[in-house]
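Visitor: This is the structure I want to talk about, given as structure tokens.
The values are calculated or read from the model by the stated rules, or taken from the named source; none is laboratory data. Not measured: the values here are computed from a predicted model. Cβ coordinates were reconstructed from backbone atoms using ideal geometry, including for glycine residues, and neighbour counts include every protein chain displayed. Each accessible area value is taken on the protein alone, full model and side chains, heavy atoms only, with ligands, DNA and RNA left out. Shrake-Rupley method; radii C 1.70, N 1.55, O 1.52, S 1.80 Å.
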Amino acid sequence: MKVIICSCARCTAHGNEYLFDSANVVKTDVEYAYEVEGFDNPPQIEIEYKNIKKEVEDYEKKSPLVKIDDTYITKATPEVLMEKMYEILSVEWKNLKR
């Protein structure tokens with residue numbers, strides 16, 4: 001999973017650092033859960049700051065922006081970002097439990 005948090009000035013002003021922190025919480029939680037359950041190879045979660053404003057039409061009204069793999073989240077909040085990350089990861093988790 002690749003999480004890109006927009007680093008443009010507008011997204012920074014709207015709190016992109018909270019999004020970065022939240023994404024790292026999910027990453028840490030997943031790594032810990034895999035360790036506790038005894039599973040090998042937790043999902044690779046790459047988190048980065050990158051200016052992606054030009055990838056979203058009318059971005060001025062949609063910040064802060066986040067991209068998870070190929071999906072954009074506009075007006076992102078930490079709660080929505082974490083929920084989306086866990087939703088994607090839960091599919092992988094269910095496949096491990098089988």
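Visitor: State the percentage of accessible surface on the chain attributable to carbon and sulfur atoms; use a 1.4 Å probe and exclude ligands, DNA and RNA.
Guide: Numbers: 2960 of 6180 Å².
Using a 1.4 Å probe with all protein chains present, the chain comes out at 48 percent carbon and sulfur.
Visitor: What chymotrypsin sites (Phe, Trp or Tyr not before Pro) does the chain have in DSSP loop regions with at most 14 other beta carbons within 10 Å?
Guide: Those that pass, being in a loop and sparsely packed, are F39.
Visitor: Calculate how steeply helix 16-37 sits against the longest principal axis of the alpha-carbon atoms of the chain, using the helix alpha-carbon long axis, and give the answer as 0 to 90 degrees to the nearest 10.
Guide: 10 degrees
Visitor: Let me spell out the model: positive unit charges on the Cβ of Lys and Arg, negative unit charges on the Cβ of Asp and Glu, origin at the Cα centre of the chain. What dipole size does that give, in debye rounded to 20?
Guide: Values: 14 positive and 19 negative charges, 76 e Å.
Approximately 360 debye in magnitude.
Visitor: Right, next: Using the beta-carbon distance between T77 and A33 and R0 = 22 Å, what value does 1/(1 + (r/R0)^6) give for FRET efficiency, to the nearest 0.05? List each step's numbers first, then the result.
Guide: Working: r = 23 Å, r/R0 = 1.05.
Approximately 0.45, to the nearest 0.05.
Visitor: Ok, one more. Using only the alpha-carbon atoms, how far is helix 78-97 inclined from the longest principal axis of the chain? Give it as 0 to 90 degrees, nearest 10.
Guide: Taking the Cα atoms of the chain, the angle to 78-97 is about 30 degrees.
Visitor: Hey, what did the chain get for relative contact order, percent, Cα under 8 Å, at least 6 apart?
Guide: Numbers: 122 pairs, mean separation 38.0, N = 98.
Once normalised by length, the contact order is 39 percent.
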